[in-house]
Amino acid sequence: MTQLTTVVLEAKDIVKTFGEGEAATHVLRGVSTEIRSGEFVALVGPSGSGKSTFLSIAGTLLTPSTGSLAIAGESVLGRNEKEIAEVRNRHLGFVFQFHHLLEDFTAFENVLMPVYGAQARVSAPFVARARRLLQRVGLKDRMEFPTSKLSGGQKQRVAVARALIMKPEIVLADEPTGNLDRKSSDEVLHLLRELAHDEGTAFFVSTHDESIAMRCDRILTMEDGMLSSTKPSLS
Amino acid sequence: MLFEAKVATRYLVSAWRQSALLMFGVSVGVVVFTFIASLMNGLSVRLTEDITGNVAHVTLEPAPRLPQTFMASPRGRALFAIQPGHNVMPVIRNYRSIIEQAARMHGVRAVVPEVFGNATLARGEQTLAVAVTGIQAKDADVIAPLTRSIVRGRLDLAVGSIVVGSRLAAELGVDVGDRVNLRAANSAASRTRSAGAEAVMVVRGIFTLGVQAIDERVVYIDLTSARKLFDVIDGVSMIELKVDDVWQAPALAERLGRATTLRASNWLNRNTRLQEGLRAQDSTANMIKAFSLLTIAVGVASALFLSVSRRRSDIGILRSFGIGRGAIIRTFILQGLLIGTVGALVGAALGFGFAHLLLYASMKATGIPSIPIDPAQGEYLLAVLLAMIVSGAAAVLPARSAARIDPLEAIQS
């Protein structure tokens, strides 16, 4: 298990501006934060506050206008696309509001997809890990099911297993329960927390749901493009 | 390539109806390609065979005599000159050594010595100009299939016998067994007796080669009679050759011309219209084939663009995992190649079957099909290779557009 004190994500003075001149929109105005291994951090804030933009930058899917970003100690900005893709593959996992599974593949195949970013042929340890993860998220009997035959909650669990297959230092989750009913939502959140603990993976969860935020280790609140407050959860 | 192959095949299988339709489209393009190749090449072979089957592929003749100046004045004026007449027949004296030399050359199938001259053929008051070919009986079928072309009588080239074309026979009003008078219009004995030798011959056979110029003007007699008629004491007036590959005839003729100092011509020199026709036919066929390949390209490219659009979210998510642009490009090009390969193989098989079906359906009682299709000339391997290349190339643009998809945009949309 990774040491709790290890910084897995470090953002400094992140600024993101869309457009130029009078049409410029300043979405992020100098955001700085760090997330440590095993932490379960919520990112809350009203719509349009810049949550998704910051999460996208943290996930290296979007480049900031200025500022610096380090993932697992590796500075990301200024690197070429191939190198950034490698960083994403090795250190980051993603869970989206919509599961974004590949419908033409089984649950098991979906979980293994990120491995192809690192290996031409999936090695046996990854095959074993994929089985373990699917078992861990309660889909032992659904491994070979086409994802189109799974329920919304099951699909999101497959997405969680997929996010963890490469043993990332941090998983970025954008409204991971946004499309689920309360029961499924609670199950998925419980699962994320367990996995964060068991795998030592940090989770950075963007959410509108206050009850989810309250169950996190830490809450970061985004307001008007700035992280205005950081406070521990009350749970 | 394992990932690319896995994703490409899965995408094709999961949308199997669309894939099958697309492969069928490629197949149709390949069927058109192979059908046109079978038809046009078959027609070309038939036309060439029809023409080269009845004529010499290479002809060696003495160079035409030029006016000779026997004594030239220092001031540049000729004192005596001989202007050869049109009715003087040049002769190849050393024909035996030339025949041996030609027969030894690679690609030469047969060498036939001939005495060829102009004459008139008369029966009663009807007189017609004819071209007399004097050949040995053993060579009768070498240049043209005379025996097979006899429609009345038989191929008899004994002394005193003559075999005439059917149109000529009809015009002259002669039949097998009739006597005709053959009078030479030129002669090898140039200065003493330029023309006028004649012989009474019996018509032994009437042939139809199917070539109007031959059927209405050519008569065959034996070599000895021809020599006597045209005063060729020793030698022949031309040597004709058949070669294995008719398209090599120009090169062979050139080599023979250089080696013998004789004037060497080939069948293509005498059939420039055919050459032009075949070239035009080739261009047309190539154009149709190019259009069939273009259709394949457009079909594959548009289907893959559609596939890229449908898989936009998949591509975005794969890119977010760190799957590189190269892998995405290879995945879609592989789809194009798979579609092209399967479609082309099926198309080649269908084209082969279709060509055979058409061949048998158009077969006449004579054993010659009314449609000059030749299934063996379908260029199937070329069609398959080109269809594969075109399909792969057509996939490049959609593949590049897939690789350009921004993962964030694709995921958010």
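Side notes on the structure shown:
- For segment A:205-235, a residue qualifies if it is modelled with pLDDT of 85 or more, in contact with a helix residue (DSSP H, G or I) (Cβ under 7 Å, 6 or more places away or on another chain) and of a type outside the set (A, V, I, L, M, F, W, C), and the qualifying residues are A:Ser206, A:Thr207.
- Residues of segment A:99-147 classified as among the aromatic types (Phe, Trp, Tyr) and away from chain B (no Cβ under 14 Å), total: 1
Each row is one residue, and each column tells you yes or no for (1) assigned to a strand (DSSP E or B); (2) among the aromatic types (Phe, Trp, Tyr); (3) in contact with a Ser or Thr (Cβ under 7 Å, 6 or more places away or on another chain); (4) modelled with pLDDT of 95 or more.
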position	(1), (2), (3), (4)
B:Ala102	no, no, no, no
B:Arg109	yes, no, no, no
B:Val115	yes, no, yes, no
B:Asn118	yes, no, no, no
B:Ala122	yes, no, no, no
B:Thr133	yes, no, no, no
B:Ala144	no, no, no, no
B:Thr147	no, no, no, no
B:Ala158	no, no, no, no
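- Scan of segment A:71-129 for residues that are without any contact (Cβ under 8 Å) to a residue 24 or more places away in the chain and buried (at least 18 other Cβ atoms within 10 Å of the Cβ), ordered by number: A:Val76, A:Glu109, A:Tyr116, A:Val122
- Among (1) among the charged types (D, E, K, R); (2) away from chain B (no Cβ under 14 Å); (3) within 20 Å of B:Ile411 (Cα to Cα), the one test that A:Lys16 misses: (2)
- Checking the stated criteria, B:Ala297 turns out to be crowded, with 20+ Cβ neighbours inside 10 Å and within 17 Å of B:Ala344 (Cα to Cα).
- Residues that are over 24 Å from the mean Cα position of the chain (by Cα), of a type in the set (Ser, Thr, Tyr) and assigned to a helix (DSSP H, G or I) within segment B:355-413 comprise B:Ser391, B:Ser401, listed in sequence order.
- Applying a threshold of 7 Å to beta carbon distances and a minimum spacing of six or more residues, or different chains, the list of pairs starting in segment B:367-384 at a residue that is surrounded by fewer than 19 Cβ atoms within 10 Å (Cβ to Cβ) and ending at one that is not in a helix (DSSP H, G or I) reads B:Pro369/B:Ser362; B:Pro369/B:Met363; B:Ser370/B:Ser362; B:Ser370/B:Lys364; B:Ile371/B:Ser362.
- When B:Ser292 is tested against (1) more than 30 Å from A:Ser56 (Cα to Cα); (2) surrounded by fewer than 22 Cβ atoms within 10 Å (Cβ to Cβ), just one condition goes unmet, and that condition is (2).
- Some residue of segment B:185-193 being touching a Leu at 6+ places or on another chain (Cβ under 8 Å), at pLDDT below 95 and of a type in the set (Val, Ile, Thr): no
- Whichever residue in segment B:302-336 is surrounded by fewer than 21 Cβ atoms within 10 Å (Cβ to Cβ) and more than 14 Å from chain A (Cβ to nearest Cβ) and, among such residues, is nearest to A:Ala163 (Cα to Cα): B:Ser309
- Against the list (1) more than 20 Å from the chain's Cα centre (by Cα); (2) more than 13 Å from A:Glu223 (Cα to Cα); (3) among the charged types (D, E, K, R), the condition A:Arg29 fails is (2).
- Residues located in segment A:1-53, provided they are in contact with a Gly (Cβ under 6 Å, 6 or more places away or on another chain) and modelled with pLDDT under 85: A:Met1, A:Thr2, A:Leu4
- Residue list for segment B:1-60, restricted to those being away from every other protein chain (no Cβ under 14 Å), part of a helix (DSSP H, G or I) and small (Gly, Ala, Ser): B:Ala20, B:Gly25, B:Ser27, B:Gly29, B:Ala37, B:Ser38, B:Gly42, B:Ser44
- Screening A:His26 on (1) of a type outside the set (D, E, K, R); (2) free of Cβ contacts under 8 Å to residues at least 40 places away in the same chain; (3) farther than 19 Å from A:Ala173 by Cβ shows it passes everything except condition (2).
- Candidates in segment A:139-168 are the residues that are basic (Lys, Arg) and part of a helix (DSSP H, G or I); of these, the one that is surrounded by the most Cβ atoms within 10 Å (Cβ to Cβ) is A:Arg162.
- Test: residue in segment A:190-197 that is part of a helix (DSSP H, G or I), basic (Lys, Arg) and buried (at least 24 other Cβ atoms within 10 Å of the Cβ): no
- When we screen B:Val130, B:Val163 for residues that are closer than 24 Å to B:Ile233 by Cβ and surrounded by 17 or more Cβ atoms within 10 Å (Cβ to Cβ), the only hit is B:Val130.
- Residues located in segment A:48-104, provided they are at positive phi and among the polar types (S, T, N, Q): A:Thr60
- Residues that are closer than 16 Å to B:Ala290 by Cα and crowded, with 21+ Cβ neighbours inside 10 Å, drawn from segment B:8-31: B:Val26, B:Ser27, B:Gly29, B:Val30, B:Val31
- So B:Met23, is it modelled with pLDDT under 90 and more than 16 Å from the chain's Cα centre (by Cα): no
The values are calculated or read from the model by the stated rules, or taken from the named source; none is laboratory data. Everything numeric here is computed off the predicted structure, so don't read it as measured data. Cβ atoms come from the backbone with ideal geometry, glycine included; neighbour counts cover every protein chain shown.
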